[in-house]
Amino acid sequence: MLTETTNVQSELPPLVAQFTSSRRGARLARQLAVRHLEEQGYPPASDASCAVALVVAELAANAVLHGRAPGHDFGLRVALDTAAGVVRVEVADAASGKRPPATTPSSAPEGESGRGLLLVDALAARWGSAPRHPLGKTVWAEVPVTHSTNAI
């Protein structure tokens with residue numbers, strides 16, 4: 001196999017995984033994303049890792065709560081793009097008809113829910129969703145990160 005060599009820091013392949021549509025699955029997705037970033041040189045306590053962990057937690061929780069379809073898991077993809085200075089998080093679920101709002105929703109201060117996308121909007125440079133064929137949607141967010149000086 002041929003590989004192209006560049007002056008760009010070498011990166012591990014993206015993390016791609018499937019999880020059961022459950023609270024446990026959402027928790028495991030967050031933990032695996034943190035471990036993946038640690039392998040990229042971003043320690044769990046770093047700003048980058050904490051921001052990505054929160055985004056993964058919110059998007060995975062939304063997939064479990066609002067995107068669950070019987071017999072279908074949700075998918076996670078986490079990819080570091082050092083050239084762009086972002087970590088792209090993608091969470092795919094099986095609910096085609098339940099897309100997130102086009103703009104960040106407002107949340108009543110006394111409300112018990114509805115702040116997840118506000119948090120994603122605050123941490124991500126940009127975010128959105130796209131249909132997934134043949135079934136479902138993918139919600140994505142690009143979290144800005146600074147270059148890790150101790151990256152592998």
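Annotations for the structure displayed:
- Selection of first residues in segment 49-63 that are without any contact (Cβ under 8 Å) to a residue 24 or more places away in the chain and of second residues that are surrounded by 23 or more Cβ atoms within 10 Å (Cβ to Cβ) and of a type in the set (A, V, I, L, M), restricted to Cβ pairs under 6 Å at least 6 apart or on distinct chains, gives the following pairs, ordered by first then second residue: Ser49/Leu37.
- When segment 20-52 is filtered for residues that are of a type in the set (Val, Ile, Thr) and part of a helix (DSSP H, G or I), the ones remaining, listed by number, are Val34, Val52.
- Some residue of segment 71-85 being at pLDDT below 95, farther than 22 Å from Leu123 by Cα and open to solvent by less than 50 Å² (accessible area, probe 1.4 Å): no
- Taken over segment 96-130, the residue count meeting the criterion of being at pLDDT 85 or above, part of a loop (DSSP other than H, G, I, E, B) and surrounded by fewer than 20 Cβ atoms within 10 Å (Cβ to Cβ) is 1.
- Selected residue (criterion: modelled with the lowest pLDDT) from residues of segment 131-150 that are surrounded by fewer than 16 Cβ atoms within 10 Å (Cβ to Cβ) and farther than 16 Å from Ser96 by Cβ: Asn150
- With respect to the stated conditions, Arg88 is out of contact with any helix residue (DSSP H, G or I) (no Cβ under 7 Å at 6 or more places or on another chain), at pLDDT 95 or above, closer than 14 Å to Val145 by Cα and not in a loop (DSSP other than H, G, I, E, B).
The values are calculated or read from the model by the stated rules, or taken from the named source; none is laboratory data. Small disclaimer: the values here were computed from a predicted structure and weren't measured. All Cβ positions, glycine included, derive from the backbone under ideal geometry; neighbour counts span all protein chains shown. The accessibility values were calculated without ligands, DNA or RNA, using every heavy atom of the protein model including side chains. Shrake-Rupley method; radii C 1.70, N 1.55, O 1.52, S 1.80 Å.
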